[in-house]
Amino acid sequence: MPERTLPDYDNPPAQETWMAFAFAPLPWRVPHFGAFWSEIKGDYPAFEVHPPIGEFNLEFNAVAPEAIVNLPVRCWFKNDQSNRLIQVQNNRFFHNWRRPNPTAPYLHYDELKPVFEREWGRFCEFANRYDLGAPNVLSCEVAYINHLDRNVGWDNFSDLSHIFPSVGSFEGKNFLAKPETISANASYVMPSNEGRLQVVIQPAIRRQDGKEIIQLSITGSCRPASSDTNELMRCLDSCRGWVVRGFDDLTSPEMHKIWRKK
Amino acid sequence: MAHALRLPNFFGRNALRQDQEPNRRQWYGVKSLQSPAWLKETYDRIAALEALKENWDSYGGLPVADDAISMLRMLLSNLDIEDMPTPHVAPLPDGGIGLHWRVGARDLEIEVEATGEVLSLQTDVGGESIPRNVHTLSEAQKSLDWVLGKI
């Protein structure tokens, strides 16, 4: 059991977490998705096709002397238990984990990071074998999606200070009453401008059960000094440290009791 | 005479809006409670109906059943309702709950029975009412698209 020096909780509200790398675009074309899937299909038997993340080029010219077709996509590869997902596009690689249902046990970072490292290794080995080159990683990302269910420690969308003591009321001086809902988006710079922590607070409904929640998304991203695996893993640890400390710092002691802070 | 197949040509750089980006990385599906603007108010109305006691209408009306509430919330969180106007939400005497929209000459009632079963009733003003059992989200979506005049 690894020693845990960061704030830790027995029952954290995290419903989903992902680790991801963004890299300089590889010459990754449609057949590579299929070839890659055939190698991981034993572990990830289901797939979905989605639009890519970030900016992308669309090109389709069927009547040019040499037809041009460039329709970028992002493929999802899902495991049998529907709790782990790999997302691949020509310049990004994600591994997501989610709780199969809101009350299922939480899987800790210490257990997920080796899985990510293994899958990233498979991806790099594939890229190498298909002469796509070694990914030049530009950014590492760790995100936690937390669902704070209504009536579990809070009940009013217009007063978030019970959960986030630093969030204001947004009540006007004279004219405006309390808002119906509040959402917030904040970013924080890491030391030496190494990266950023982005916090998004959003009133939402969980599609799985239609329940009202505050979704608290915390994403740490930083630029690695190289694409060496040790450096990439160090960056992930750094991002994750920021996410966990940020979560602990922004949320109230009352909520920490509900989440059973150790 | 045969016509040549015409294929569109398109080029361009594209990206979704920055504020849509974070949710696209995530797997767990959520819907913003802030869009459409009436959604929070409707959720509050549903919560208020949850508290109704037996005989709420003084004609022996049953309390709104948990299964009906759950199903209605599921519908609202999974259907594309962005273009819909504010619905009228009302309890039904048999423990169900209903949503009603009128858009121009079209009327739509979505009724969730106490058992969680869903019915839709489409009525063109001056025309016939068409009742349907709704078994899937796509069937419910078709009713919404109909009242908006999309189909």
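Bear in mind that the values in this text are calculations on the coordinates, not laboratory data. Fair warning: this is a prediction, and the values are worked out from it, not measured in the lab. All Cβ positions, even for glycine, are placed from backbone atoms using ideal geometry, and neighbour counts span all protein chains on display.
How about the stretch B:86-141: which trypsin sites (Lys or Arg not before Pro) there lie in a loop by DSSP and see at most 14 other Cβ atoms within 10 Å? Walk me through the numbers before you get to the answer.
Details: sites: B:Arg102, B:Arg106, B:Arg132; in loops: none.
Answer by residue number: there is no such site.
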Can you pull out the trypsin sites (Lys or Arg not before Pro) in the stretch A:19-118 that DSSP calls coil and that have at most 10 other Cβ atoms within 10 Å?
none
Residue with peak Gaussian network fluctuation, chain A [Cα springs, cutoff 10 Å], from A:Pro102, A:Pro203, A:Pro65
A:Pro65
Does the stretch B:36-147 classify as rounded, prolate or oblate by the C-alpha gyration tensor (a ≥ b ≥ c root eigenvalues; a/c under 1.5 gives rounded; else a/b over b/c gives prolate, otherwise oblate)?
prolate
Dipole of the stretch A:1-57, positive direction: furthest Cα of A:Pro13, A:Phe33, A:Phe23, with charges on the beta-carbon
A:Phe33
Once each part is reduced to its C-alpha centroid, what is the distance from the stretch A:87-152 to the stretch A:174-231 in angstrom?
17 Å
Would you calculate a helix-derived [θ] at 222 nm for chain A, using -39,500 (n - 2.57) for each DSSP H run of n ≥ 4 and dividing by the full residue count, to the nearest 500?
-7500 deg cm²/dmol
Just how far, in whole angstrom, is the stretch B:42-60 from the stretch B:82-101 if you go by their alpha carbon centroids?
12 Å
In Å and from the alpha-carbon atoms only, list the Rg and Dmax of chain A.
20.6, 67
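Under unit Cβ charges (Lys, Arg +1; Asp, Glu -1), what dipole magnitude, rounded to 20 debye, does the protein assembly as shown have relative to its Cα centre?
Working: 43 positive and 54 negative charges, 221 e Å.
Magnitude of the dipole: close to 1060 debye.
Give me A:His147, A:His162 sorted ascending by neighbouring Cβ count inside 10 Å, so fewest comes first.
Numbers: A:His147 21, A:His162 14.
So the residues, fewest neighbours to most, are A:His162, A:His147.
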In order over the stretch A:132-147: 3J(HN,Hα) from phi, Karplus 6.51/-1.76/1.60, θ = phi - 60°, whole Hz, x for each Gly or Pro, gives 8, x, 7, x, 9, 6, 9, 7, 10, 9, 10, 9, 10, 9, 10, 10
Karplus 3J(HN,Hα) series, Hz, for the stretch A:173-186 with 6.51 cos²θ - 1.76 cosθ + 1.60 (x for Gly, Pro):
5, 10, 8, 8, 7, 5, x, 5, 9, 10, 10, 8, 9, 10
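Starting from the Cα gyration tensor of the stretch A:58-208, take the square roots of the eigenvalues, sort them a ≥ b ≥ c, and report rounded, prolate or oblate (rounded when a/c is under 1.5, otherwise prolate if a/b is larger than b/c, else oblate).
Values: a/c = 2.16, a/b = 1.71, b/c = 1.26.
Prolate, because a/c is 1.5 or more and a/b exceeds b/c.
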Positive end of the charge dipole of chain A (Lys, Arg +1 and Asp, Glu -1 on Cβ, about the Cα centre): tell me which of A:Phe126, A:Asn61, A:Cys75 has its Cα farthest that way.
A:Cys75
Go through the protein assembly as shown and flag any cysteine with no other cysteine's C-beta closer than 4.7 Å, please.
A:Cys75, A:Cys124, A:Cys222, A:Cys239
Helix-only CD estimate at 222 nm, as mean residue ellipticity for chain B, using -39500 (n - 2.57) per DSSP H run (n ≥ 4):
-8000 deg cm²/dmol
Whole-Hz Karplus couplings 3J(HN,Hα) for the stretch A:84-95, θ = phi - 60° and coefficients 6.51, -1.76, 1.60, Gly and Pro as x, run 10, 9, 10, 10, 10, 9, 5, 9, 8, 9, 10, 10
Once the in-chain neighbours fewer than 8 apart are removed, the lysines whose Cα is under 23 Å from A:Lys261 read A:Lys113
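Which GluC sites (Glu not before Pro) does the stretch B:21-127 hold that lie in a coil by DSSP with at most 15 other beta carbons within 10 Å? If you can, show how the numbers build up before the last one.
On the way: sites: B:Glu41, B:Glu50, B:Glu54, B:Glu82, B:Glu109, B:Glu111, B:Glu113, B:Glu117; in loops: B:Glu54, B:Glu82, B:Glu113, B:Glu117.
In loop regions of the stretch B:21-127 (DSSP not H, G, I, E or B), the sparsely surrounded GluC sites (Glu not before Pro) are B:Glu54, B:Glu82, B:Glu117.
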For chain B, longest principal axis from Cα atoms; helix B:66-78 axis from its Cα atoms; angle between them, nearest 10 degrees, is 20 degrees
Roughly what angle does helix B:137-147 make with the longest principal axis of chain B, taking Cα atoms, 0 to 90 degrees, to the nearest 10?
90 degrees
